[in-house]
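The values are calculated or read from the model by the stated rules, or taken from the named source; none is laboratory data. Keep in mind that what you see is a predicted model, and the values were worked out from it rather than measured. So basically every Cβ, Gly included, is an ideal-geometry build from the backbone, and we count neighbours across all protein chains shown.
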Amino acid sequence: MLLLLFLGARRAVAQSQGQLSAWDGLVLSPVGALVPIARAPGDLAAGHDELSLRYGRWRYDSEDAVHDNIGLAWTRGLGFARAQVTVTAAYEMVECPTCSSWAAGGIDVQSTLWEHGVASAEQRQLRTGIALCLSLGGAKVSGAEASTAGSTAISLPIDVGFPLGRTSWLSATIVPGYGFGHVTGPDFAAGGLLPMIGGAISWNATSRMSVNIGAQQVILSGAPSQVGAALSWKLR
């Protein structure tokens, strides 16, 4: 049995199996399991890399187990289309002695569509930008049971960065999007489309290190929000 499918009866009788499976597939994949990371537009130059330790958690209600998601993401700035790619590996645990955990992975490709402001030490001004992001992901339950989840999502990150002092930045992002999620088990397979919305705020404490907090919601009536944080370090 899938880890999350039992929530369907508790959410709403009127919701279809496709909607519930879509929610499960998206939340089990990194795009829904981990909150967004806010960056000032142009913050990651072409050829530069960043590592992020990411954490997210959600709980349906006081009777439900806590779901903890831990991920490690590598992001690299590409040399074309003001683009960057992120590869994420995640492990999703449940604070329940009889519940299964999930191993997940995903890839995001993002390209900046519009940017305003100058990313230089001489002109530390407000920077804003809009990007287009395509996310692919999947997950597999631990143990012998052949249950899997997968997702495809498209989103439009809207970013803003404020200079703080001589070296630090405060960044914020809002990420509306739409995703297709699906789950498969030994005797069933279902999926569907759902809207998504996420947001985050980050503080670049130094030129290399940033701290991020945020929230993520795969929109379905009665479904909980994901909350979490991230610690990021630019390698160069």
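Odds and ends about this structure:
- Of note, Thr112 satisfies the criterion of being under 21 Å from Ile154 (Cβ atoms) and in contact with a Gly (Cβ under 7 Å, 6 or more places away or on another chain).
- Exactly one residue among Thr152, Thr173, Thr128 is surrounded by fewer than 18 Cβ atoms within 10 Å (Cβ to Cβ), polar (S, T, N, Q) and not in a loop (DSSP other than H, G, I, E, B), and that residue is Thr128.
- Selection status of Ala45, of a type outside the set (Asp, Glu) and at pLDDT below 85: yes
- Looking at Gly191, Gly199, just one residue is of a type outside the set (A, V, I, L, M, F, W, C), in contact (Cβ under 8 Å) with a residue 24 or more places away in the chain, touching a His at 6+ places or on another chain (Cβ under 6 Å) and in a strand (DSSP E or B), and that residue is Gly191.
- Among residues of region 80-104 being among the aliphatic types (A, V, I, L, M) and under 30 Å from Gly129 (Cα atoms), the one that is modelled with the lowest pLDDT is Ala81.
- Pairing residues of region 45-72 that are more than 15 Å from Gln226 (Cα to Cα) and loosely packed, with under 14 Cβ neighbours inside 10 Å with residues that are at pLDDT below 90 and aliphatic (A, V, I, L, M), at Cβ distances under 9 Å and at least 6 apart in sequence or on separate chains, gives Ala45/Ala119; Leu51/Leu235.
- Considering residues of region 79-110 that are over 14 Å from the mean Cα position of the chain (by Cα) and hydroxyl-bearing (Ser, Thr, Tyr) only, the residue nearest to Pro36 (Cα to Cα): Ser101
- Checked against the criterion of being basic (Lys, Arg) and more than 23 Å from Gly71 (Cβ to Cβ), region 154-169 has at least one qualifying residue.
- Matching entry among Ala139, Ala223 (being in a strand (DSSP E or B), within 26 Å of Gly25 (Cα to Cα) and aliphatic (A, V, I, L, M)): Ala139
- Residue list for region 51-76, restricted to those being closer than 22 Å to Gly198 by Cα and of a type in the set (Gly, Ala, Ser): Ser52, Gly56, Gly71, Ala73
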